[in-house]
1. So how do Cys39, Cys60 line up by other beta-carbon neighbours within 10 Å, fewest first?
2. On full extension of the chain, what length is gained from Ile15 through Cys63, given 0.36 nm per residue of separation minus the C-alpha to C-alpha distance?
3. Need the full-extension length gain, Glu52 to Ser28, defined as separation in residues times 0.36 nm minus the C-alpha distance. One decimal, nm.
4. Quick one: Ile15, Ile23, Ile46, fewest Cβ neighbours within 10 Å first, how do they rank?
5. Counting other beta carbons within 10 Å of each Cβ, put Leu30, Leu36, Leu59 in order, fewest first.
Amino acid sequence: MATGWAKEGAVQEQIDATVKDAIERARSQLPQGPGLERCEECDAGIPQARREAVPGVRLCIACQEAHDQEQGHASGYNRRGSKDSQLR
């Protein structure tokens, strides 16, 4: 495949780097330490099952969903899966 000035496999390397960065970003945002019994946003109780499933949980499900929606709009990662959009 003709790639012009780019070396062979450069597109795949960039895609792999984007995926690696997204994984590192997601892991860095995982809560750590003991979870809270009450939501730090609305003071609602956090169920024991959620505290066991999510280490370091700080928000109830409703507040976490609202937080995730806010974060999702600011994400700069390619969601289309197109190689062309990876190079922009």
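1. On the way: Cys39 18, Cys60 21.
Fewest-to-most ranking of Cys39, Cys60: Cys39, Cys60.
2. Between Ile15 and Cys63, full extension yields an extra 14.0 nm.
3. Between Glu52 and Ser28, full extension yields 6.7 nm more.
4. Ile23, Ile15, Ile46
5. Leu30, Leu36, Leu59
Each reported figure results from applying straightforward, stated rules to the coordinates on display, with no laboratory input. None of the values given here were measured: they were computed from a predicted structure. Every residue, glycine as well, gets a Cβ built from its backbone with ideal geometry; the counts of neighbours run over all protein chains shown.
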